[in-house]
Amino acid sequence: MSLTDETMSVSLLNYGAVTQGWWLDGTPLILGYENPQDYLTDPYYLGAIVGRVANRLGGGQFELHGICRKLDANEGENTLHGGSVGLSRQFWTIRQIAPNEAVLNYLSPDGEGGFPGNVDFQVRVLLHSPCLTYEIKATPDQATPISVAQHNYFCLGSKLGASDLRVGVASNQFLEIDEAGIATGMRRDATEIGVGSPADQPSVDAEQDIDHFFVFDPKTQRRPVATITAKTGLRLNVYSDQPGAQVYTGGHLSHPFPRNGGVCVEPSGYPNAVNVPGFPSVIHTPDNPYYQKLTLKIERGRD
């Protein structure tokens, strides 16, 4: 399905609620496969909606209301992006409601991937040049963890990927991870890995291997929570209502994409929050449904 507005266009797939492509005047802004069939075996989550719980969940289990829930472990003993039957591996219904707007829906049944409760997911995609907006809603019929992320790999017209990109995050903290990439509960200074808000310090070359969750500065409010600037002259501003985002510079990408071929900025709740008491809760109920709004804005002429 294609959405258009002025000189922008977007291609959506019902599998994984994938954003297959996003273009400005024909210039690709994200990585994507030309053949939709390739998404059926894609290991990189290109353009997908990931969850029920995005990121890594330690030990493939969590406890809720005194009950230990065993999950589908798809990365060693851990669960990544909801497991092998997560949202990115499901066929959604898709409906175009305007030339520049579409709605995708998926009903995740009780027990899918080991998670409790039926959950009705909806993703509204609105293209209003120069912005692409995702509104993500989820209504469960019982208490269950929900923390969704959108997984575009941004290239901003560059064929060299991250070597042509610089990234900044409105953050002075990232979450410490263990050797398996699981958040431990400790927070570290973002300057340790050279990433910070461009307003406070220089951004860094995205070809540096980064795969960390950054905690947004709550003072950002209406300012971008992250930026990606390309040598092509394009700049991406990311606006989010989430407490932080995983920033990943594509270090595991391989053919047909170059290593570090794109940069992901994945706003969501804290990873592994169900197993770390000090993290903000990602548990949602019928009376407290899930909501996320993500807006991506392209600007020209910045370097």
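Observations, loosely collected:
- Euclidean distance between Cα centres, region 137-165 to region 15-83, Å: 9 Å
- Interchain or long-range residues, amide H under 5 Å from ASN118's placed H: ASP110, ASP141, GLN142
- Sequence-distant residues sharing a close amide H with VAL225 (under 5 Å, placed H): VAL238, TYR239, SER240
- Burial order of peptide ranges 150-156, 160-166 (average beta-carbon count within 10 Å, highest first): 150-156, 160-166
- The string of couplings for region 165-176 from the Karplus curve (6.51, -1.76, 1.60, θ = phi - 60°) is 10, 10, 10, x, 10, 6, 7, 10, 9, 10, 8, 5 Hz, one whole number per residue in order, with x for Gly and Pro.
- In order along region 279-287, the Karplus-derived 3J(HN,Hα) couplings, from 6.51 cos²θ - 1.76 cosθ + 1.60 at θ = phi - 60°, round to 8, x, 5, 10, 7, 10, 9, x, 8 Hz, and Gly and Pro are given as x.
- Packing-based ranking, highest mean first, of 24-34, 234-244 given that Cβ atoms within 10 Å are counted: 234-244, 24-34
- Other-chain or far-sequence residues with amide H under 5 Å of GLY83's (modelled H): none
- For semi-axes √(5λ) of the Cα gyration tensor in Å, the value computed from the atomic coordinates appears in the list [x] 25, 22, 21; [y] 38, 24, 17; [z] 28, 23, 18 under label [z].
Laboratory data are not the source of any read-out in this text; all were calculated from the coordinates shown. Small disclaimer: the values here were computed from a predicted structure and weren't measured. Methodologically, a virtual Cβ is constructed for each residue, glycine included, from the backbone with ideal geometry; neighbour enumeration extends over all protein chains shown.
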